[in-house]
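Beneath this line is the structure, given in C-alpha cells, with notes to follow.
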Amino acid sequence: MFHTHDFTEEQLDDMLVFARKLATEKFGDKTRKFNDELYVNHCFRVSHLVMKYKESKSLKILMIAAILHDLIEDTDYTEGQMLMDFGKLISSLVMELTTPAHITKNEKCEYLQIKMKNMTSWGLVLKLCDRLDNVSDLIFSTKQFRKSYVKETKKIMGYLVEHRNMTLTQLRILTDILQAVNVAERVDM
C-alpha cells in the first residue's frame, strides 16, 4: 500500500486513519493489565503525547508509528505486513520499539537501558512518550506492580541521563516521566 517516506499530506492523513482503524481492529477488546481500559487507548495517547512534545515536519509519521508501536509485539500483525502497509520508515520505527519475545521480565530493564541508549532520536521520543503514558497510569495499578515499574523506570531514566546525549524534547519528556513517577510513589506513602 505505502512504500516510501515521501508521502503527500493526503497520504499521511489516510495512513493515520488506517493506523487508527488497524490498531482498533487488532487490539479489539484487549484491556490494560491493571485496569479495564481498552489497550488501544494507550496507543492513541502515546500518539497524542508525541504531538504534544515533538515539533517536526514529519510529525504525522511519528504519530502513525506511535499508534502502531505495540502492534507487532502484542498482536498477530507481522513486520512484513507493516512493511507492506506502511513502508520502511514507519516499520523501522515500530521495530525499534518492539521488544523481542525472548526477553524475560528479569532481562527487560537492562535490555531497555541499552536499547534506549542506542535508539534513533525519533525512536527515543516515541519510547519516552510510551513510558510517560505508562507511568501516568500507575496510580491504577497494584502496589507491587507500581513499585517494580517505578524502580525500573528510575533505573532506565538514570542510565539515559548518564549515557546518552538527549535533545531538549527528549529531556522534557524524561522530566515529565520522573514527575509522574514521583506522583506514583506518593500513592504508597
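What follows is calculated from the coordinates using simple rules that are stated; it is not laboratory data. Just so it is clear, the model here is predicted, and its values are computed rather than measured. Methodologically, a virtual Cβ is constructed for each residue, glycine included, from the backbone with ideal geometry; neighbour enumeration extends over all protein chains shown.
Some observations on this one:
- Within the shell defined by Cβ-Cβ distances under 10 Å, the residues around VAL94 carry a net charge of -4, with Lys and Arg each +1 and Asp and Glu each -1.
- For the chain, built as a Gaussian network whose Cα springs stay under 10 Å, the top-fluctuating residue of SER141, SER56, SER47: SER56
- The value given for the chain is a Kirkwood hydrodynamic radius of 17.0 Å, derived from the mean inverse Cα-Cα separation.
- The range 1-85: GluC sites (Glu not before Pro) in DSSP coil with no more than 16 other Cβ atoms inside 10 Å: GLU37, GLU55
- Seen from a random direction on average, the alpha-carbon convex hull of the range 74-138 projects onto 5.2 square nanometres.
- Sequence-distant residues sharing a close amide H with THR31 (under 5 Å, placed H): TYR39
- Most fluctuating residue given options MET119, MET84, MET15, as computed from a GNM of the chain linking Cα atoms under 10 Å: MET84
- Rounded to the nearest 500, the 222 nm mean residue ellipticity of the chain from helices alone is -23500 deg cm²/dmol, with -39,500 (n - 2.57) taken per DSSP H run of at least 4 residues.
- Modelled FRET efficiency - R0 30 Å, SER58 with LYS154, Cβ distances, 0.05 increments: 0.45
- Computed extension length for LYS33-LYS105: 24.4 nm, one decimal, from 0.36 nm per residue of separation with the Cα-Cα distance subtracted.
- In the range 64-103, the convex hull through the Cα atoms has an average projected area of 2.6 nm², a quarter of its surface area.
- Label-to-label distance, nm, for residues given as THR120 and GLU10 (7 Å Cα→Cβ offset): 2.6
- Karplus-derived HN-Hα couplings along the range 94-103 (A = 6.51, B = -1.76, C = 1.60, θ = phi - 60°), whole Hz, x at Gly and Pro: 5, 5, 4, 8, 8, 8, x, 4, 6, 6
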